[in-house]
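The values are calculated or read from the model by the stated rules, or taken from the named source; none is laboratory data. Note that the structure is a prediction, hence the values are computed from the model and not measured. All Cβ positions, glycine included, derive from the backbone under ideal geometry; neighbour counts span all protein chains shown.
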Amino acid sequence: MTHLVYLCLFSLFISIMFAILSEGNTKERLLLGIKTFAKFVGISLGIAWIFYLLFS
């Protein structure tokens, strides 16, 4: 498995836990989980591209 798959799995599990532990109704929890997952993956890929451009 690649680093990207591990990143997505880690992000998914952490987002699910954040959503479960948060307060609010089901819709708010679902939106929090989706936003958290997108932010984890988006920021990680952004940082990866910055490192690639700086150090390659």
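Among all residue pairs at least 6 apart or on different chains, which show Cβ distances below 7 Å where the first residue, located in region 29-56, is over 19 Å from C8 (Cβ atoms) and the second is surrounded by 12 or more Cβ atoms within 10 Å (Cβ to Cβ) and not acidic (D, E)?
Taking only residues 6 or more apart or on different chains, the pairs are R29/A19; R29/S22.
Go through (1) on the phi < 0 side of the Ramachandran plot; (2) out of contact with any helix residue (DSSP H, G or I) (no Cβ under 6 Å at 6 or more places or on another chain) for G24 and report which single condition fails.
Every condition holds for G24 apart from (1).
Yes or no, residue by residue, for (1) surrounded by 13 or more Cβ atoms within 10 Å (Cβ to Cβ); (2) modelled with pLDDT under 95:
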| residue | (1), (2) |
| --- | --- |
| Y6 | no, no |
| L12 | yes, no |
| L21 | no, no |
| R29 | yes, no |
| G46 | no, no |
| S56 | no, yes |
